[in-house]
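Below you'll find the structure, written out as structure tokens, and then a few comments.
The values are calculated or read from the model by the stated rules, or taken from the named source; none is laboratory data. Keep in mind the model is a prediction, meaning the values are calculated, not measured. Backbone-built Cβ (ideal geometry, glycine too); neighbour counts: all protein chains shown.
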Amino acid sequence: MTTHGTLEMDSYRLAAYTVPCPCYICGGGNNFDAELCRHCHAPMALAHQATTQKIHPRMVAAIGPSGAGKTVYLGMLTDMLSRQVDDLQMLARGAFSIKLQQHAMAALSRCEFPNKTPNEPDRWNWVHCQVLRKRQKPAELIMPDLAGEALLEEVDHPNTFPVIRSFLAKCSGVMVLVDAPNAESGQSDEDFHTMKLISYLCELVTDKRNGWATRPVSLIFTKGDQCENCFEDPAAFARRHTPGLYQQCRERLKRHRFFAVGVAGQCGFRNEAHGRVHVPLRVEPRGIIEPFKWLLQEMGT
Amino acid sequence: MRRFPNWTLNKLLVGAVPACVLLGVATGHWTVGAGAAAAALCALAIRNPNWRPRWKWQVAEPTDENNQTVDWSPPPAPRPPTARRAAADDSLVEQMIAQGREALLLRPQIAANLNETDLASAQVALDEAMAIVPQGAVNMRARCYDDFEEADAPRGERLVQVEGFFLDRFPVTNAQYQLFVSQGGYEQMSLWDESIWPAVLGFTDETGQPGPRLWQQSKHPHGKEDHPVVGVCWYEAAAYARWAGKRLPTDPEWVKAGCWPVATEANKPVQRKYPWGDAMDRRLVNLWGNGVNDTVAVTASPGSGSVGGVQQLVGNVWEWTSSSFGTWEPTGRKVETAAPLKSIRGGAFDTYFDNQAGCQFQSGEAPLARKHNIGFRCCLGFCDVTLSSPSPGRGTSAAAATEREEVHA
């Protein structure tokens, strides 16, 4: 007994498998039903949205050393913009885009910080969203929550994480997060790590017209609640406490600005089985939206 | 030698000017007349440099039927409960009441020396400014209470007995704090803890003058008279309270005023999550979600009062309490901090999560921190004041309070 129908369906499926579906981030070929890119582990939903809905989002990265507060910042930013009806609003595209916000907010409302972002790219949270602004066209953006350790690994040993390399090369703007209390306390590691990141960016795309030297970079001092004076004049704070970064930005980046943000009003720590855990004593965001707003303006979206 | 009074000589000089002119014209020696008139004018000018002739006709003041002067000036604007002014000729008692320091007058040592009228005025002022919170038990919850399983929940709460007390109906406003600053509160070292004396010189505003951090030239921001004072550290709040004859509320006192526990047959009292009930109502409070992003007047949300009439316990500004942070955490779940913190309660205009503005939520801040979103209100124990006309449920003096305790026992 023959089963013609089944054979026919299979052949269609086989045919579909033969057509490569390029990843939106790294451009690598994938099967049409892949959930994550097999090369860079970015969600393939981005590629499907690009082909079927003709949406070509621009990319924005939040980078910084491990523990600088990238997950908290991005989570807080997405939540604030999706909650407030103001001149800037954010609408998530696809359920996967809400995971970061959900993860960060669930932790903060319990007065905990979210867990460290794992190094494996397939476990990162990606945000694809539409940003609505008054009297301006909506902007489509992709913002992944990159792991700080993976970032530094890629900077020290290029091509360890191809997804980071291809993503940063395509980014239209970047937010560099710096731990303000660490910088204030004189830990030069903070300065060196951010200098490495800026240097990596500038070497990544060296084109004079379209390279990182001309793309907008917002430099954000995080955890401002623990060093109030960084809010007064972030640029002066950078000059005093991260002189290397300040000088490098002045010399190598044409469009950059310093900002200060804070999410927790005050912090403490609790002794858990696996060691000391930092806990926020309350959540009162300060200056979260300004760096993002400036970046959007500079990107000209 | 007899001296003319000033006004008589002035009148003579004024009269001399036309007289000299007329005499000069009539006699033909007009130069002499003009010279004499000019001399009289010069003398008048030297004697009274600021004197102006009143050429206007005097208009009789309108009077009422009883032949008393009617005041046509517009009626005074209704004053918020937190801002009162004292006239210079007020008696000391009236001035102290106007400054919001009636609690000092009602201290047993001082009240004994006041007459009945003054005592009654002070009591009325106290009733206006402060609400009564009766004595009773309040259930204090740890921050980590929600993390416990049901069986373990008792580990995260503690029943605390609180004596009856008065609590400010509103947080202390800029206008009230201005009086403290203007009266030299930062120079009266007796108001400050001795340990903090070296730091008091550093409690300055943006211009380096004594005052809250965000003020300028020891003056509060214009148009924010009735906003709660912010930018004051715990010690400044405590000094103000001492100046006003009051103190900062303890943690259980603050929670009791907000949660308003009701003793039932159950083991623990029934308590509210927010002063008005168990559900958040964003229209009643100034939190991040409202989009104001700044303090509002203390009278801005009249519906947010507690059962006892204490307003704005939740939202607008965090409030310092006299207790230490972390007192209610069970062993093994303590939150450690670099330095000891003081407890703050109630959430502020930039508090993001509703659950962190609830009456049971405790946060902490360093006692020397002068944050933009922390204010305070004061309280006063029943036993600290003398009240002449006792009312049910209210203490009248230390002796009466003791007596009541014995009855309860």
Could you tell me how many of the residues in region B:320-342 are more than 8 Å from chain A (Cβ to nearest Cβ) and farther than 18 Å from residue B:141 by Cβ? 6
State whether one or more residues within region A:164-171 are of a type in the set (Lys, Arg) and at positive phi. no
Tell me, which residue of region A:126-157 that is part of a loop (DSSP other than H, G, I, E, B) and modelled with pLDDT under 90 is farthest from residue A:69 (Cα to Cα)? A:135
If I go through region A:106-125 residue by residue, how many of them are surrounded by 20 or more Cβ atoms within 10 Å (Cβ to Cβ), within 12 Å of another protein chain (Cβ to nearest Cβ) and over 14 Å from residue A:69 (Cβ atoms)? 1
Looking at (1) in contact with a Cys (Cβ under 6 Å, 6 or more places away or on another chain); (2) over 23 Å from residue A:155 (Cα atoms); (3) not in a helix (DSSP H, G or I), which is the only condition residue A:34 fails? (1)
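Do we have residue B:289 as farther than 23 Å from residue B:169 by Cα, within 12 Å of chain A (Cβ to nearest Cβ), at pLDDT below 95 and touching a helix residue (DSSP H, G or I) at 6+ places or on another chain (Cβ under 8 Å) here? Don't jump to the end; show me each part of the working.
Working: farther than 23 Å from residue B:169 by Cα: yes; within 12 Å of chain A (Cβ to nearest Cβ): yes; at pLDDT below 95: yes; touching a helix residue (DSSP H, G or I) at 6+ places or on another chain (Cβ under 8 Å): yes.
It is true that residue B:289 is farther than 23 Å from residue B:169 by Cα, within 12 Å of chain A (Cβ to nearest Cβ), at pLDDT below 95 and touching a helix residue (DSSP H, G or I) at 6+ places or on another chain (Cβ under 8 Å).
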Of the residues B:378, B:359, B:383, which is more than 14 Å from chain A (Cβ to nearest Cβ) and touching a Ser or Thr at 6+ places or on another chain (Cβ under 8 Å)? B:383
Single condition residue A:80 does not satisfy, out of (1) in a strand (DSSP E or B); (2) crowded, with 19+ Cβ neighbours inside 10 Å: (1)
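Each row is one residue, and each column tells you yes or no for (1) within 14 Å of chain B (Cβ to nearest Cβ); (2) assigned to a loop (DSSP other than H, G, I, E, B); (3) within 25 Å of residue A:75 (Cβ to Cβ); (4) at pLDDT 95 or above.
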position: A:221; (1), (2), (3), (4): no, no, yes, yes
position: A:232; (1), (2), (3), (4): yes, yes, no, no
position: A:248; (1), (2), (3), (4): no, no, no, no
position: A:254; (1), (2), (3), (4): no, yes, no, no
position: A:257; (1), (2), (3), (4): no, no, yes, yes
position: A:265; (1), (2), (3), (4): yes, no, yes, no
position: A:276; (1), (2), (3), (4): yes, no, yes, no
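Identify, please: which residue in region A:280-295 is part of a helix (DSSP H, G or I), touching a residue at least 40 places away in the same chain (Cβ under 8 Å) and surrounded by fewer than 21 Cβ atoms within 10 Å (Cβ to Cβ) and is, among those, nearest to the other protein chains (Cβ to nearest Cβ)?
Here is the first cut: in region A:280-295, the ones part of a helix (DSSP H, G or I) are A:289-295.
If we keep only those that are touching a residue at least 40 places away in the same chain (Cβ under 8 Å) as well, we get A:289, A:291-295.
In the following step, the residues that additionally are surrounded by fewer than 21 Cβ atoms within 10 Å (Cβ to Cβ) were identified as A:289, A:293-294.
Details: A:289: 11, A:293: 15, A:294: 18 Å.
Ranking the qualifying residues of region A:280-295, first place goes to A:289.
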Members of region A:263-279 found to be within 23 Å of the chain's Cα centre (by Cα) and surrounded by fewer than 23 Cβ atoms within 10 Å (Cβ to Cβ), listed by number: A:278, A:279
